[in-house]
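First up is the structure itself, then whatever we jot down about it.
Read the figures in this text as sums done on the coordinates, not as results from a lab. Please read all numbers here as calculations on a predicted model, not as lab measurements. Quick reminder, even Gly has a Cβ in these numbers, built from the backbone with ideal geometry, and neighbours come from all protein chains shown.
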Amino acid sequence: MASVDEYEQRELQLNRFKRLIGELLRGEMTRNSFQPWEIDLLLDFESCQLPSRRRLEILRQYQKAVERQMESGPGPPIKLSHFLILREQRRNALE
């Protein structure tokens, strides 16, 4: 069972993640202070080649996946690259 501190930490991470993904969706960063895990996510995001016409849709799917992850377990949020691999594996399993 998660302690109050763990729950608060997860909530804080989830709120920071939502802010970060919102900035990515808008295409502009409005701050200059980041947690180490946020920097990891940004670097990972930069390395992922998202098709521009599907970028927003993929980021929204990723956001929902992270929200589910953070509701059921500890953070930090999964990286976009890991999400894309899992998504591809699920797709291939359905074929």
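Given C-alpha coordinates of the chain, what is the ratio Rg to Rh with the Kirkwood estimate of Rh? Display every interim value, and only then the final one.
Working: Rg = 14.0 Å, Rh = 14.2 Å.
Reported Rg/Rh (Cα atoms, Kirkwood Rh): 0.98.
With the contact rule set at Cα under 8 Å and sequence spacing of 6 or more, what percent relative contact order holds for the chain?
Relative CO of the chain lands at 36 percent.
Mean residue ellipticity at 222 nm from the helices of the chain, using -39,500 (n - 2.57) per DSSP H segment of n ≥ 4 over the full residue count, to the nearest 500 deg cm²/dmol? Write out the running numbers ahead of the final one.
Details: 4 runs with 68 residues, N = 95.
For the chain, the value works out to -24000 deg cm²/dmol.
Which loop GluC sites (Glu not before Pro) in segment 27-68, with loop taken from DSSP, have no more than 12 other Cβ atoms within 10 angstrom of their Cβ?
When the GluC sites (Glu not before Pro) of segment 27-68 are filtered for loop state and at most 12 Cβ neighbours within 10 Å, Glu28 remain.
With +1 on each Lys and Arg Cβ and -1 on each Asp and Glu Cβ, and nothing else charged, work out how big the dipole of the chain is about its Cα centre, in Debye to the nearest 20.
Values: 16 positive and 15 negative charges, 103 e Å.
Result for the chain is approximately 500 debye, rounded to the nearest 20.
If each of Glu57 and Leu86 carries a label point 7 Å out from its Cα toward its Cβ, how far apart are those two points in nm?
2.1 nm
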